[in-house]
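Visitor: Take this structure first; my questions come after.
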Amino acid sequence: MTAGVIFPAFVNEYNGFEESLLSSYGNNFNHLLEQASDILKFDLTGFDFSHNNFLQDEEKTQYISYIFSCSVADILTRLNVKPSLISGYSMGIYSALYYCHSVSFDEGLRLVKNAWKIIAGITAGGTYGMGMIIGLEESDLMTIMETEGEIEICNRNNRHTFIISGVRKTVENVLAESKNEGALRTSLLPVSNPYHSRFLKGCLKPFEAVVSELEFPHPSFRYISTLDQHIIETSEDLRNEVVLNLSEKMDWAETMNTMIKMGANVIFECGAGDGLTRNSRFIDGNFQSYSINKFEGFLKSIR
């Protein structure tokens, strides 16, 4: 079996089983919470998987998602799981780079923190958001958006699922109009920033200054860019990917297609939730996807 590992972005719901799973592998999640709390200068150690506390706070949600994915990545490393290909969905890039040893835990955490801080400065005074639309053709969605402005398609999850990003009121209008035009499902995402859109272009220079301070060793595994699907092999490519990841449109559907075409037939979602795994049902190809609640099944499939 040829394994691929993918890293989700910000997860805002946990089911409660995650703690026992981590504990069964002697994992260091609580230690990483302590380490992160020291770096961030506020306490994360009270996070509870069952009660999902902290997760009404968007910034803390990002840190918890990063820490959890890193914890699972540590288990994979300890079990000597060596995937052929990896990629990070949106802000999942930071934990993905941790797994392939291109950033340390502390460096990745600081990237999350600095990205949040810089974006907050750029978007101050505005109200932004993102939405998901399932069941429309891209051409139909583009027609709806033509009359709205201040919005753009920022990602294609699969051939019938699109993510939009922009001014919140416009996002809400497009979601409502898409539903009227026959979309199977629309939803406003629990984020306040317009990721992967032109509205964050102002982040490029300040974030580039932050990123330039890191060495970014060559990734231990082949890393597929979500922006143009090339294989990232150099430190400079990694820097560019991290910087552009905030404001450039991504194409997750094509990223998955590339991973499958390159031979991945077992794919593991390294993080909480199963959003990317469920999305995989609408990606063509002969492969099997596993989320964290099927972790044992994933391990068996690659042995």
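The values are calculated or read from the model by the stated rules, or taken from the named source; none is laboratory data. Given the structure is predicted, the values throughout are model-derived calculations rather than measurements. With ideal geometry, Cβ positions are generated from the backbone for all residues, glycine too; neighbour counts draw on all protein chains shown. Calculation scope for accessible area: heavy atoms of the full protein, side chains included, ligands and nucleic acids excluded. Shrake-Rupley method; radii C 1.70, N 1.55, O 1.52, S 1.80 Å.
Visitor: Using the reciprocal of the averaged 1/r over all distinct C-alpha pairs, how large is the Kirkwood radius of the chain in Å?
Guide: Value: 19.6 Å, from the Cα pair sum.
Visitor: Rounded to a whole number of µm²/s, how large is the Stokes-Einstein D of segment 30-103 at 4 °C and 1.567 mPa s, given Rh as the Kirkwood radius over C-alpha pairs?
Guide: Result for D is 98 µm²/s.
Visitor: Using a Cα distance threshold of under 23 Å, what count of lysine pairs results for the chain when pairs must be 8 or more residues apart or interchain?
Guide: 21
Visitor: Roughly how many debye, to the nearest 20, is the charge dipole of the chain about its Cα centre, given +1 on each Lys and Arg Cβ, -1 on each Asp and Glu Cβ, and no other charges?
Guide: That gives a dipole near 460 debye.
Visitor: Let me ask another. What is the magnitude of the charge dipole of segment 77-142 about its Cα centre, with +1 placed on the Cβ of each Lys and Arg, -1 on the Cβ of each Asp and Glu, and no other charges, expressed in debye to the nearest 20?
Guide: Value, rounded to 20: 480 debye.
Visitor: Could you check how much of the accessible area of segment 156-236 is carbon and sulfur, as a whole percent, using a 1.4 Å probe?
Guide: With neighbouring chains kept in place, the figure for segment 156-236 is 50 percent.
Visitor: With springs only between Cα atoms under 10 Å apart, run a GNM on the chain and tell me which of Ile163, Ile292, Ile122 wobbles the most.
Guide: Comparing Ile163, Ile292, Ile122 in a Gaussian network model of the chain, the most mobile one is Ile122.
Visitor: What range in the chain is the longest one free of chymotrypsin sites (Phe, Trp or Tyr not before Pro) that are in a loop by DSSP and have at most 15 other Cβ atoms within 10 angstrom?
Guide: Maximal segment without exposed cleavage sites: 43-303.
Visitor: Separate question: First measure r as the distance between the Cβ atoms of Gln35 and Arg185, then evaluate 1/(1 + (r/R0)^6) with R0 = 35 Å and state the FRET efficiency to the nearest 0.05.
Guide: 0.35
Visitor: Share of segment 48-109's accessible area from carbon and sulfur, percent, 1.4 Å?
Guide: 44
Visitor: Just to verify a number: what accessible area does Lys201 come out at with the full protein assembly present, 1.4 Å probe, Å² rounded to tens?
Guide: 90
Visitor: Along the positive direction of the dipole of segment 1-152 (beta-carbon charges: Lys, Arg +1; Asp, Glu -1; about the Cα centre), which of Gln35, Phe17, Thr147 reaches farthest?
Guide: Among Gln35, Phe17, Thr147, the one farthest towards the positive end of the dipole of segment 1-152 is Gln35.
Visitor: Could you sort Leu111, Leu227 by their accessible area in this structure, using a 1.4 Å probe and putting the largest first?
Guide: So the residues, ranked largest to smallest area, are Leu227, Leu111.
Visitor: Out of segment 1-68, which GluC sites (Glu not before Pro) are coil in DSSP terms and have no more than 13 other C-beta atoms within 10 Å?
Guide: Here the sparse-neighbourhood loop sites are Glu13.
Visitor: Continuing with the same structure: Given springs between every Cα pair under 10 Å in a Gaussian network model of the chain, which of Thr143, Thr258, Thr161 has the largest fluctuation?
Guide: The residue that fluctuates most here is Thr143.
Visitor: Still on this structure, I have one more. With the cut-off at 17 Å, report for segment 108-203 the share of all Cα pairs above it, as a whole percent.
Guide: I get 48 percent for the Cα pairs in segment 108-203 exceeding 17 Å.
Visitor: Provide, in order from the shortest bin, the percent of all Cα-Cα pairs of segment 219-297 in each 10 Å bin, continuing until the bin that contains the maximum pair distance.
Guide: 17, 44, 34, 5
Visitor: Next up: With charges only on Cβ, +1 for K and R and -1 for D and E, what is the dipole size of segment 11-120 about its Cα centre, in debye, rounded to 20?
Guide: The calculated dipole for segment 11-120 is roughly 400 debye.
Visitor: Given points 7 Å out from each Cα along the Cα-Cβ axis, report the Leu79 to Asp228 separation in nanometres with one decimal.
Guide: Rounded to a tenth, the inter-label distance reads 3.6 nm.
Visitor: Keeping all protein chains in the complex and leaving out DNA, RNA and ligands, what accessible area do you get for His218 with a 1.4 Å probe, in Å² to the nearest 10?
Guide: 120
Visitor: A further question follows. Do any GluC sites (Glu not before Pro) in segment 191-277 lie in a loop, going by DSSP, with at most 13 other beta-carbon atoms within 10 Å of their beta carbon, and if so which?
Guide: Passing sites in segment 191-277 are Glu213, Glu215, Glu233.
Visitor: If you don't mind, there's one more thing I want to ask. Build a GNM of the chain with springs between Cα atoms under 10 Å: which of Ser87, Ser192, Ser225 gets the top mean-square fluctuation?
Guide: Ser192
Visitor: Let me ask something else. Per residue, how much accessible area does the chain show when a 1.4 Å probe rolls over the protein heavy atoms, in square angstrom?
Guide: Value for the chain: 43 Å² per residue.
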